[in-house]
């Protein structure tokens, strides 16, 4: 009886050990199989991207993240999905993926790249200065964020360059609207637009023209002292520019007109005096 109990005890232990071993082996096989699935999906996505099928590539990269979200491959795949959309101008989809990446992986080592690529996606959607500039404003915000948070990265230099291009476009829009207001004789609105250029975009290629336009507007409405103030500022900073030459010509023309008017006034006054003087002897 004792022998049978001992036999059953040993037999039970052997079965338990065997089951545990099988569970460990099955778990290891399952884990290995999952990693293989992840690598396979990533490689398929990479091949699809290289072949130009970006939508399928993004789908496979998303699959990698879904299969094994705790792995190191997950954030890498998320960025690759965003990049896939970007390469074929699916900027909205790319931005959505990048926003999700920033939210899900806020401490990832490639976070600076995610912000930079988001800024580029906004930047690439710019059409021209006459249309909606929401994308360009978003791009400027994002590039300024990069300069502030990641000044020593390789993306900061390009961000600074793109900000200068953005300022040129924004200044161009202000000049376009300012010229329109000037033609319509809406003087105050025109002045405000040209002032915006010299106050907010003074490093752009439009600053000299904006100063000339301010001279032009103030001369037109008779504010000569204000016009001269802007003319001096233009001459001091852009004395060799074509816009200063235009301003100089404007001053010359008005000077000649004013001189001619003064001479006519003097002649009229002298004529009146002569009539009065002659009347004394009649």
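Assorted remarks:
- Taking every Cα-Cα distance in segment 122-197 and sorting them into 10 Å bins from zero, the calculated P(r) comes out as 20, 39, 26, 12, 3 percent.
- Among 124, 183, 97, 174, the order by Cβ neighbours within 10 angstrom, fewest to most, reads 183, 124, 174, 97.
- Note on residue 50/residue 236: beta-carbon distance plugged into 1/(1 + (r/R0)^6) with R0 of 45 Å gives a FRET efficiency of 0.20.
- Convex hull volume of segment 177-228 per residue (C-alpha atoms, cubic angstrom): 66 Å³
- The value obtained for segment 102-161, namely the Cα convex hull volume divided by the number of residues, is 79 Å³ per residue.
- Placing a label point 7 Å from the Cα of residue 158 along the Cα-to-Cβ direction, the residues of segment 105-128 whose backbone N falls under 18 Å from that point are 109-126.
- Ordered by the count of other Cβ atoms within 10 Å of each Cβ, fewest first, 115, 108 give 108, 115.
- In the frame of its principal axes, segment 30-186 has Cα extents of 77, 32, 22 Å, reported largest first.
- Fraction of C-alpha pairs exceeding 26 angstrom in segment 122-256: 33 percent, rounded to a whole number.
- Fully extended contour minus Cα-Cα distance, from residue 103 to residue 72, at 0.36 nm per residue: 9.5 nm
- Tensor-based shape of segment 41-119 (alpha-carbon gyration tensor, a/c under 1.5 rounded, otherwise prolate or oblate): oblate
- Ranking of 161, 145 by neighbouring Cβ atoms within 10 Å, starting from the fewest: 161, 145.
No lab work stands behind these numbers, since they all come straight from the coordinates. Everything quoted here is computed from the prediction, not taken from an experiment. Note that we place each Cβ from the backbone using ideal geometry, even for glycine, and neighbour counts take in every protein chain shown.
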